[in-house]
1. Looking only at region 16-37, which residues are buried (at least 20 other Cβ atoms within 10 Å of the Cβ) and hydroxyl-bearing (Ser, Thr, Tyr)?
2. Please count how many residues of region 75-84 are of a type outside the set (A, V, I, L, M, F, W, C) and open to solvent by 60 Å² or more (accessible area, probe 1.4 Å).
3. On the basis of being within 21 Å of residue 28 (Cα to Cα) and either surrounded by fewer than 19 Cβ atoms within 10 Å (Cβ to Cβ) or in contact with a strand residue (DSSP E or B) (Cβ under 6 Å, 6 or more places away or on another chain) (or both), does residue 137 make the cut?
4. Could you tell me whether residue 124 is in a strand (DSSP E or B) and either without any contact (Cβ under 8 Å) to a residue 60 or more places away in the chain or of a type outside the set (Val, Ile, Thr) (or both)?
5. Considering each of 13, 4, 87 in turn, give the residue that is open to solvent by 10 Å² or more (accessible area, probe 1.4 Å) and free of Cβ contacts under 8 Å to residues at least 40 places away in the same chain.
6. Take residue 29 and decide whether it is closer than 23 Å to residue 113 by Cβ and not in a loop (DSSP other than H, G, I, E, B).
7. Does residue 21 meet the test of being under 20 Å from residue 106 (Cα atoms), part of a strand (DSSP E or B) and of a type outside the set (Asp, Glu)?
8. Do you know which of the residues in region 140-152 that are crowded, with 19+ Cβ neighbours inside 10 Å and touching an Asp or Glu at 6+ places or on another chain (Cβ under 8 Å) is nearest to residue 48 (Cα to Cα)?
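The values are calculated or read from the model by the stated rules, or taken from the named source; none is laboratory data. Keep in mind that this is a model prediction, so the values were computed, not measured. So basically every Cβ, Gly included, is an ideal-geometry build from the backbone, and we count neighbours across all protein chains shown. When the accessible area is computed, the model is the full protein with side chains, heavy atoms only, and any ligands, DNA or RNA have been set aside. Shrake-Rupley method; radii C 1.70, N 1.55, O 1.52, S 1.80 Å.
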Amino acid sequence: MDVRSGVGYDIHRLVQNRALVLGGVAIPYSLGLDGHSDADCLLHALCDALLGAVGEDDIGSHFPDDDPANAGVSSERFVIRALELVRGAGYAVSNVDCILFAEKPRLGETKAAIRENLARILALPRDRIAVKAKTGERLGPIGRGEAIAALVSVLVTRE
């Protein structure tokens with residue numbers, strides 16, 4: 001069996017007049033993430049982890065932020081394309097481990113919905129996906145409530 005892993009990280013600034021979307025789930029909050037697409041840092045990190053696991057370039061190479069076709073789109077589209085590349089290389093996603101870093105909003109109530117949505121997107125059982133939330137302990141841009149970040153690890157296998 002051939003086993004590979006990939007890691008992805010992303011961070012976006014919180015701004016006014018944007019929806020907050022994490023893991024494809026809309027989260028009620030007064031601020032949203034700034035970016036060219038929907039700025040879903042969790043799905044962006046997942047995309048990079050998937051791409052990295054099969055030796056592909058990063059999300060910016062595949063979906064440039066200066067491409068008008070990517071403006072305002074759901075980041076689920078990026079993950080679906082990354083999954084196609086993983087499957088095209090002969091691999092299947094085995095498990096996904098995610099950490100969200102946010103001082104506010106508190107994400108404890110949202111983790112289950114994010115996990116469900118990731119299971120749907122990846123066509124995986126829920127028990128192969130972990131979603132954890134951490135604060136910034138009031139340190140740095142995350143701790144000051146200025147940004148939200150995500151770190152994702154994936155394992156892919158090929159028989």
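1. 37, the sole residue that qualifies.
2. Of all residues in region 75-84, those of a type outside the set (A, V, I, L, M, F, W, C) come to 75-77, 81, 84.
Now narrow it down to the ones that are open to solvent by 60 Å² or more (accessible area, probe 1.4 Å): 77, 81, 84.
Looking only at that region, the number is 3.
3. Spelling it out, it is not the case that residue 137 is within 21 Å of residue 28 (Cα to Cα) and either surrounded by fewer than 19 Cβ atoms within 10 Å (Cβ to Cβ) or in contact with a strand residue (DSSP E or B) (Cβ under 6 Å, 6 or more places away or on another chain) (or both).
4. Against the criterion (in a strand (DSSP E or B) and either without any contact (Cβ under 8 Å) to a residue 60 or more places away in the chain or of a type outside the set (Val, Ile, Thr) (or both)), residue 124 does not qualify.
5. 87
6. When the stated conditions are applied, residue 29 does not pass them.
7. yes
8. 152
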